[in-house]
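The values are calculated or read from the model by the stated rules, or taken from the named source; none is laboratory data. The shown structure was predicted, so the numbers you read here are calculated from the model rather than taken from an experiment. A quick note on method: Cβ atoms are made from the backbone with ideal geometry, for glycine too, and the neighbour counts reach across all protein chains shown. Each accessible area value is taken on the protein alone, full model and side chains, heavy atoms only, with ligands, DNA and RNA left out. Shrake-Rupley method; radii C 1.70, N 1.55, O 1.52, S 1.80 Å.
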Amino acid sequence: MGYKVVVVGATGNVGHEMLNILAEREFPVDEIAALASRKSLGTEVSFGDKTLKTQDLEQFDFTGWDIALFAIGSDATKKYAPKAASQGCVVIDNSSLYRYDPDVPLIVPEVNADEVVNYTKKNIIANPNCSTAQMVVALKPLHDRAKIKRVVVSTYQSVSGTGKEAIDELWNQTKGMYVPGQEVAPSVYPKQIAFNVIPHIDVFMDSGDTKEEWKMVTETKKIVDKSIKVTATCVRVPTFVGHAESINVEFEEFLDWEEATDILREAPGIMVVDKREAGGYVTPVECVGDFATFISRIRQDVTVENGINFWCVSDNLRKGAALNAVQIAEVLGQRCLKKG
Ligand code: 2RA
């Protein structure tokens, strides 16, 4: 006996990956529905070796369906997630809409799977921001060994985090740099992204931080420990898939970099690739399509008493979104929605 699963936003980058990962991990699916907006109606999407025709989200009745993986924007989620939840379908939402709601668990299974049981308050579980997910997978095992006091993170986020248009813009803008007369002006981003980096993701807040930076701070506190101080600088870089992060951690007590390496090697969801030589580290192009959060460049931060630096890379469409959502569904099924 399996589950009746709905993927909402099946034609988007994350929705596609949700279908791929449900199939790759052989999630126990008895029936699956792929939903899209009216403009994408009838578009065919793959689910393993099957082809699904997308159905109309507007008309869809979630009654009798067990789990809905939502991969649409916050506005549409606001309209349809409560409908699905009220019709008895548990929503796992990838938008930011419910992440900060005290009645909605915000889950990274390697970190706080036990909190999945709290879905019953609104029949909704929130998926974290992609840049948060990979970071907390690494922070949690270190925090359990030597309580974390402060995290300073700089991110190098690929354009797939913005969406399909941004992927096209990077591609066309890059080509345009080589073909006279075919320059492509910035449109998705405020500045050129080809051969450039942009220190701005999401909107600016009164504090001078961007919303993306605020998300990393707020979500890390909710998922790991509200006492952890986090400061972030989130940067868009001209790569297609894969987010990279430079992470500096200060602990309450000394933690040797070699012990930190051993801890990370044993931690769930992590692959340590760390040789102090050319090529002895992971780069974004190598993480694409993988489930792991890769850690490299682990070393002592000798400028403070109890500091460690490391490099963290993961596929933002997978661990950063679709994989994490499917892992939440796995925990939900195993612990809360047991089938015959
Ligand atoms: C980004 N984290 O990378 C945001 C949303 N996916 O653009």
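Being within 16 Å of the ligand (Cβ to nearest atom), in a helix (DSSP H, G or I), open to solvent by less than 10 Å² (accessible area, probe 1.4 Å) and in contact with a strand residue (DSSP E or B) (Cβ under 9 Å, 6 or more places away or on another chain) is a property that does not hold for Ala244. Being among the hydrophobic types (A, V, I, L, M, F, W, C) and under 18 Å from Val326 (Cα atoms) holds for only one residue in Ala36, Ala81, and it is Ala81.
Residues of segment 205-241 that are in a loop (DSSP other than H, G, I, E, B) and under 24 Å from Ile125 (Cα atoms): Val224, Asp225, Lys226, Ser227, Ile228.
Considering only residues in segment 1-53 that are of a type in the set (Lys, Arg) and over 21 Å from the mean Cα position of the chain (by Cα), the one that is farthest from Ile72 (Cα to Cα) turns out to be Lys50. The set of residues in segment 80-120 that are open to solvent by 20 Å² or more (accessible area, probe 1.4 Å), in contact with a strand residue (DSSP E or B) (Cβ under 6 Å, 6 or more places away or on another chain) and without any contact (Cβ under 8 Å) to a residue 60 or more places away in the chain contains only Tyr98. The single residue among Pro141, Pro128 that is within 15 Å of the ligand (Cβ to nearest atom), at pLDDT 95 or above and not in a strand (DSSP E or B) turns out to be Pro128. Restricting attention to segment 214-231 and to residues that are over 23 Å from Ala322 (Cβ atoms) and open to solvent by less than 30 Å² (accessible area, probe 1.4 Å), the residue that is nearest to the ligand (Cβ to nearest atom) turns out to be Val230.
Inspect segment 318-335 for any residue being farther than 17 Å from Ala138 by Cβ, in contact (Cβ under 8 Å) with a residue 12 or more places away in the chain and in a loop (DSSP other than H, G, I, E, B) and give the result as yes or no. Within segment 318-335, none of the residues are farther than 17 Å from Ala138 by Cβ, in contact (Cβ under 8 Å) with a residue 12 or more places away in the chain and in a loop (DSSP other than H, G, I, E, B). Taking each residue of segment 49-78 that is over 23 Å from Tyr98 (Cβ atoms) and of a type outside the set (A, V, I, L, M) and looking for partners that are part of a loop (DSSP other than H, G, I, E, B) and open to solvent by 20 Å² or more (accessible area, probe 1.4 Å) with beta-carbon atoms closer than 6 Å, six or more apart or interchain, yields Lys53/Gly42; Thr54/Thr43; Asp56/Leu41.
Taking each residue of segment 213-224 that is closer than 11 Å to Asn112 by Cβ and looking for partners that are open to solvent by 30 Å² or more (accessible area, probe 1.4 Å) and assigned to a helix (DSSP H, G or I) with beta-carbon atoms closer than 7 Å, six or more apart or interchain, yields Val224/Lys140. Residues of segment 81-114 that are outside any loop (DSSP other than H, G, I, E, B), within 21 Å of the chain's Cα centre (by Cα) and not acidic (Asp, Glu): Ala81, Val90, Val91, Ile92, Leu106, Pro109, Val111, Asn112, Ala113.
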